[in-house]
Every structure is written in C-alpha cells, then in structure tokens.
Amino acid sequence: AKTWRQRRSNEKITGDTQMTTIDKQALRNKLLSLEAVSAEQARKLYEDFLSTARLNRAEQMDEGDRSQAEHAAAVAGNLEEQIQAHLSHREILESLPLHPMNSVDRGAIVTVNGRNLVLAVPTQPFTFQGMEILGIPWEAPLAKAMLGLGPGDSIDFEETELVIEAVQ
C-alpha cells in the first residue's frame with residue numbers, strides 16, 4: 001500500500017526556486033504532439049504484428065508458424081490497448097485547465113525537489129521552454145498525495161520527503 005503524509009508550511013518558497021511561467025496552451029500542444037507520435041508508433045507496430053498474425057491457409061503451416069501467429073496476435077491486442085490509451089490521453093489533454101494555479105490540481109505544473117511535473121498523462125521526460133518536464137497521470141498516487149498543496153508544502157511519499165517548490 002502506498003503511504004504518504006502531507007505537511008503544510010507557513011513559509012512559502014521564494015527566490016531562485018520560482019518556476020519560469022509556462023505557456024500552458026503551448027504545453028498542451030506539445031503534450032498532444034507527443035501523444036500523436038506515440039499513438040502513430042503504436043498503430044504502426046499494431047499493423048505490423050497484425051499482418052504477421054494472419055495465417056495463410058493456402059500454405060502449409062507447422063506448429064511453429066501457428067505459435068508465432070498466436071504470439072503476434074497477442075502482441076497486437078496489447079498494442080490495440082495502447083492505441084486506445086493514447087486516444088483517452090488526448091481527451092484528457094484537451095480538457096486540461098489552462099488557468100494559473102496556486103495549489104496542486106489536475107493540469108498543474110509542479111516543481112518537486114527540483115523536478116518539473118505536469119499532472120496530466122504519463123510521458124517520458126521532455127524539454128519544453130528550456131525546462132525538463134515529466135508527465136504523470138493526474139490520478140496517480142503521487143498526484144493524489146499532492147492535491148491541494150502549494151509552494152512550501154511537503155509530503156512524505158514512499159519514504160521520501162518531497163517539497164513542493166512551485167505550482168502553476
């Protein structure tokens with residue numbers, strides 16, 4: 001079970017820890033672009049695996065051919081699930097709020113222990129406006145643990161103290 005504990009600070013962090021203001025519309029567009037690339041890659045892999053999963057009944061098949069076709073069909077099924085997840089991510093991204101935030105909520109950009117997170121959908125780390133950003137699902141345990149907190153607040157999450165340095 002995931003455990004976490006929030007601590008609110010009366011001292012808000014200022015100075016060098018302030019995050020550069022991020023254009024949330026441009027960030028949303030970047031995230032949508034990343035999702036489109038990932039969805040296209042999954043679609044191409046799906047088509048490749050699906051084509052190898054089809055058995056040609058006109059040719060003689062041995063047990064190895066059938067086994068390979070069954071494996072390819074299973075992989076294609078997993079890739080189809082990934083494609084559907086990317087479609088769902090697109091809907092989430094299109095509905096993200098673009099307004100400035102003072103506390104952690106869905107769509108927030110949060111600096112935690114020097115790392116920039118966007119609470120939206122999972123991504124690999126990417127560079128945006130000169131900053132490295134990592135997307136995490138807004139319903140992930142870490143995101144839930146930070147909900148409602150603001151700069152200067154901290155949480156103990158999985159035996160690690162995390163300090164929220166900035167939110168927007």
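The values are calculated or read from the model by the stated rules, or taken from the named source; none is laboratory data. If you're wondering where the values come from, they're calculated on a predicted model, not measured in any experiment. Cβ coordinates were reconstructed from backbone atoms using ideal geometry, including for glycine residues, and neighbour counts include every protein chain displayed. Accessible surface is based on the protein model in full, side chains and every heavy atom, while ligands, DNA and RNA are left aside. Shrake-Rupley method; radii C 1.70, N 1.55, O 1.52, S 1.80 Å.
Odds and ends about this structure:
- Yes/no for Ala143 being over 17 Å from Thr20 (Cβ atoms), modelled with pLDDT of 95 or more and part of a helix (DSSP H, G or I): yes
- Identity of the residue in segment 141-154, touching a residue at least 12 places away in the same chain (Cβ under 8 Å) and under 21 Å from Ile92 (Cβ atoms), that ends up most open to solvent (accessible area, probe 1.4 Å): Leu147
- Residue match in segment 107-118 (condition: under 24 Å from Gln41 (Cβ atoms), modelled with pLDDT of 95 or more and in a strand (DSSP E or B)): yes
- For Phe157: the one exception among (1) open to solvent by less than 20 Å² (accessible area, probe 1.4 Å); (2) aromatic (Phe, Trp, Tyr); (3) in contact with a Ser or Thr (Cβ under 9 Å, 6 or more places away or on another chain): (1)
- Residue check, Ala72 in contact with a helix residue (DSSP H, G or I) (Cβ under 8 Å, 6 or more places away or on another chain) and of a type outside the set (Val, Ile, Thr): yes
- Test result for Ala72, of a type in the set (A, V, I, L, M), more than 16 Å from the chain's Cα centre (by Cα) and more than 30 Å from Thr20 (Cβ to Cβ): yes
- Residue list for segment 123-140, restricted to those being open to solvent by less than 60 Å² (accessible area, probe 1.4 Å) and not β-branched (Val, Ile, Thr): Phe126, Phe128, Met131, Leu134, Gly135, Pro137, Ala140
- Listed by first and then second residue, the pairs linking a residue in segment 84-111 that is within 16 Å of Leu32 (Cβ to Cβ) and open to solvent by less than 40 Å² (accessible area, probe 1.4 Å) to a residue that is modelled with pLDDT under 95 and part of a helix (DSSP H, G or I), with Cβ atoms under 6 Å apart and 6 or more places separating them unless they lie on different chains, are His86/Glu35; His86/Ser38; His86/Ala39; His89/Glu35.
- Candidates Arg90, Arg106 - the one that is touching a strand residue (DSSP E or B) at 6+ places or on another chain (Cβ under 7 Å) and among the charged types (D, E, K, R): Arg106
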